[in-house]
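Student: There's a structure below that I have some questions on.
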């Protein structure tokens, strides 16, 4: 019985070895490279119609485009460099909007109502006197006062953000009242059009 079992297992081993050898001898054929179809021809540009004739301006003076078109088409950098939004100035240690500030904010509200997609940030600034902490708080009160006044004029709250820089970024680096009066302000920056 053991010889029969041994011959079966030997036969089985021989069959496995033969199938392995046969599988190893079988070589895979490399895939046949088929040529790719040619690329589609480049689209031809459609023929452009002829330009319309230039209008005759005989006897007419040329009309410049309105200034507001320049404002609407200006980049954010150019817009902020030549801003139609006016700053609001404050007296020493004060965050109250005076009559001149109210007029500036009314003009700013008119601009913001005209350009309804603009987003602005109101920066609160102070002069160099006082501690950094005090000036940051005062700058925030100034920016908040300007924002609150704009909201009362009908400008949407979601279009206005505030930030306080305190005395960190003076507009005038001088160390006298003339410089300090320029630095106590709420400054408007258009952040999105």
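Coordinate-derived values only; no laboratory data. Since this is a predicted model, take the numbers as computed values, not measurements. Glycine gets a Cβ as well: all are built from the backbone with ideal geometry, and neighbour counts include every protein chain shown.
Student: Considering only residues that are surrounded by 15 or more Cβ atoms within 10 Å (Cβ to Cβ) and either over 26 Å from residue 132 (Cβ atoms) or over 20 Å from the mean Cα position of the chain (by Cα) (or both), which ones fall in the range 154-167?
Tutor: The answer is 155, 159, 164, 165, 166, 167.
Let's see how each residue does on (1) surrounded by fewer than 18 Cβ atoms within 10 Å (Cβ to Cβ); (2) more than 22 Å from the chain's Cα centre (by Cα); (3) in a strand (DSSP E or B):
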| residue | (1), (2), (3) |
| --- | --- |
| 106 | yes, yes, no |
| 111 | no, no, no |
| 116 | yes, no, no |
| 129 | yes, yes, no |
| 138 | no, yes, no |
| 142 | no, yes, no |
| 150 | no, yes, no |
| 169 | yes, yes, no |
| 181 | yes, yes, no |
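Student: Can you tell me which residues in the range 137-193 are over 21 Å from residue 100 (Cβ atoms), touching a helix residue (DSSP H, G or I) at 6+ places or on another chain (Cβ under 7 Å) and touching a residue at least 60 places away in the same chain (Cβ under 8 Å)?
Tutor: The answer is 190, 193.
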